[in-house]
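Here the structure is laid out as structure tokens; the discussion comes afterwards.
No lab work stands behind these numbers, since they all come straight from the coordinates. Source: prediction; values computed, not measured. Cβ coordinates were reconstructed from backbone atoms using ideal geometry, including for glycine residues, and neighbour counts include every protein chain displayed.
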Amino acid sequence: MTKKERMDAIMKAQKTAKTAKSAAGNGSDLPVYLFHQGTNFRAYEYLGAHPADGGFVFRVWAPNAAAVAVTGDFDGWQGTLAMTRISAGGVWEATGVGDGFVRGAKYKYLITAADGRKLYKADPYAFAAECPPGTASLMYGIPEHRWRDSGWMAARPDARATERPINIYELQLSSWMRHEDGSVLSYTELARELAPYVKQMGYTHVELLPITEYPYDGSWGYQVTGYYAPTARHGSPEDFMGFVDSMHEAGVGVILDWVPAHFPKDAHGLYEFDGQPLYEYQGADRMEHAGWGTRRFDVGRCEVESFLVSDACFWAEKYHIDGLRVDAVASMLYLDYDRAPGEWVPNVYGDNRCLEAIAFFRKLNGTMAHLYPGVMMIAEESTAWSNLTTFENGGLGFSFKWNMGWMNDALSYEETDPIFRKYHHGKLTFSMMYAFGERYILPISHDEVVHGKKSLLDRMPGDYWRKFAGTRAFMAYMMTHPGKKLMFMGCEIGQFREWDYAGQIEWFLLDYESHAKFQLYCAELNALYLASHELWERDTSWEGFEWIDADNRDQSILTFLRRAADGDELLVVLNFTPETYEDYRIGVPERGVYRELMSSDDERYGGSGVRNDGDVTAEAVAWNGRAASVRLRIPPLGALILRRIELLAEPDECVKPCDDEKTEEA
């Protein structure tokens, strides 16, 4: 089947499934049929708890159950509302009416397992949940909101993500900012504080660590029990819709961390939902994520596919979410992930690829691309799996992939004492060997500032001044390197402590000059990135990047050009040692006039003040294999970004450098 034929088949099923809501009211079995086929991508309109005349109608999938009942505050948790099995595939249904069946009332499903055990389970499709430590679902219905973001939503399908600036601010809502008494902010309070801050700092999107309901704070949200319910820690579902709306009004997109790889073993969650493995794989070779103490979704099961693909659609459709960062993709793609020899079974071809996961991701990403163009699907994938960001050649069709290789190499280099960096120079340059093989996001994420890894600033060797200078240079390297950008909260103010999910960013540090100046640097560097189409317009090909000198390992200096489609170009100079260089010559393709846009060593940013004031004219002196060259002051542990503002006529002949100039750079 061709890609077009496959998508036509999926969309034909999807159009049919859109009738599910009305069909549910007239007794049609179409929605449940599509659910069991794995093609009901609006399963949330059928399963779960939905308002009905004078009460709610409940539907749940539990094929191995001997009996199912709805229970809650309305019956003192006795399980008096018995459900009827309405499909051979195991969907159960009941309708409750009366005073106890009102919006916000607590309920669960009381499932009698085949062996007689009684299990109290939260609704997998619940739209709202009790605030932890409570574990009940809430009778709610699909939330509604009067949206104000029509302009944003109208423009989103036409957005060409690869050709526009994307600068993501990753954060956890619970630990970004707190009240003085340590309590978390509400969604409304967060929107009021976060939207202007992010806009002022020059970020285009926020990426939220999982906000789907989760019981354990220490999981950071990655152990989900309520896939369709925003966590009640910060308010109601409508409050979260208001949060997204406010971000869109400020011109900021919202990306959610999404967890389709695994789920926790909490008794009220998806774990052995009807007394047996149901949402998880059934075989011991695939069922467990032993290292995480969780269960793996069986993405080869049709009903699980409907559950997960519907969930992705739900957040884009009902909450206007602009992207999903798909967590732990590698753990789904490899049968031997975190498993020793003998603990896994090869596929029918004898290798370690999970064919079910491959098919799932192609279905997921194909559906999202067709139904919600402009919504980004971002893979957190830590291996060299090929064709991740294309559908061609069996690819998985993600919009972007986190560039974990760049991140690991870059941070390893930055942790190295400048004296020894020349022996590790390749860690700065190797990423360009594969920079255009996929569509990448360069991530400095929450995972890099916890568990003893230190904060980004504290990773830098040296004294206080060198830590700040080195981090400024690193930030410039990241912002000028091909690929979209992601930075975790707190890095932008130079936080010294690792991230603490139980606390907040150490905002008091901004009372100290070095941290305030560093924040200013990050804001102005971000602004420069947004304003410079050379840095993002051609992010996916060599047309937008050219090395000037990638091999000056002895001085730990990198020089390169970034180009836009119209020929505009930036010259980038990065010095990763504390040495200052006067009159340093750098080759450029043509004679022209260059203007310094930023020196990371500017005193305004806490630097020593090494800049290139005034315009710099390239001379007809060949250097670095180019016909012309410029002479610059290079700051210690610093970065320069210059724009060519004028081309000059070429002289009749090029002047070769004299012997003194040849040794100047050595």
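The table for this structure:
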| item | result |
| --- | --- |
| Using alpha carbons only: equivalent-ellipsoid semi-axes of the stretch 329-394, gyration tensor based, whole Å | 26, 12, 10 |
| Relative intensity, log₁₀ I(q)/I(0), of the stretch 534-644 from a Debye sum that treats every alpha carbon as a point, q = 0.18 Å⁻¹ | -0.89 |
| Per DSSP, loop chymotrypsin sites (Phe, Trp or Tyr not before Pro) in the stretch 324-367 with at most 13 further Cβ within 10 Å | Tyr349 |
| Share of alpha-carbon pairs per 20 Å distance bin for the stretch 160-535, given as whole % | 28, 59, 13, 0 |
| Label point distance in nm, Asp511-Glu238, each placed 7 Å from Cα along Cα→Cβ | 4.0 |
| Calculated volume of the Cα convex hull per residue in Å³ (choose from (1) 230; (2) 169; (3) 193), label | (2) |
| The chain: angle of helix 513-531 to the longest principal axis, Cα-based, in degrees nearest 10 | 90 |
| 0 to 90° range, to nearest 10: angle between helix 355-371 axis and the chain longest Cα axis | 80 |
| Alpha-carbon radius of gyration plus Dmax, which is the widest Cα pair, for the stretch 275-428 in Å | 18.1, 61 |
| Over the chain: helical MRE at 222 nm, DSSP H runs n ≥ 4 each giving -39500 (n - 2.57), nearest 500 | -7500 deg cm²/dmol |
| Antiparallel %, DSSP beta bridges [both residues in the chain], to 5 | 70 |
| P(r), alpha carbons of the stretch 414-490 - 5 Å bins starting at zero, rounded % | 3, 13, 21, 25, 23, 12, 3, 0 |
| Charge-dipole axis of the stretch 147-206 as Lys and Arg at +1 and Asp and Glu at -1 on Cβ define it, positive-most pick from Ser175, Gln200, Gly151 | Gly151 |
| Sequence ranges 473-479, 124-130, 574-580, ranked by mean other-Cβ count within 10 angstrom, highest first | 124-130, 473-479, 574-580 |
| Cα-based Kirkwood hydrodynamic radius, the stretch 446-511, one decimal, Å | 12.6 |
| Residues whose placed amide H lies under 5 Å from that of Glu537, excluding near-sequence neighbours | none |
| Isotropically averaged projected area of the stretch 476-588, using the convex hull of Cα atoms (one quarter of hull area), nm² | 9.2 |
| Fewest-first ranking of Asp311, Asp417, Asp601, using other Cβ atoms within 10 Å as the exposure measure | Asp417, Asp311, Asp601 |
| Translational diffusion coefficient (Stokes-Einstein; Kirkwood radius from C-alpha pairs) of the stretch 477-539 at 37 °C, 0.692 mPa s, in µm²/s | 250 |
| Computed over the stretch 295-343, Cα set: Rg, Dmax in Å | 14.0, 45 |
| Per-selection Kirkwood Rh - the stretch 34-110 (Cα, Å, 1 d.p.) | 12.9 |
| Degrees, to the nearest 10: 302-318 long Cα axis against longest axis of the chain | 60 |
| Principal axis dimensions, largest first and in whole angstrom, of the stretch 547-598 by Cα | 35, 20, 19 |
| Quotient of Cα Rg and 2.2 N^0.38 Å for the stretch 229-328, N being how many residues it contains | 1.24 |
| Backbone N under 16 Å from the Tyr349 label point (7 Å along Cα→Cβ), restricted to the stretch 384-401 | 384-388, 391-397 |
| Loop sites in the stretch 385-443: GluC sites (Glu not before Pro), DSSP, at most 16 other Cβ within 10 Å | Glu415 |
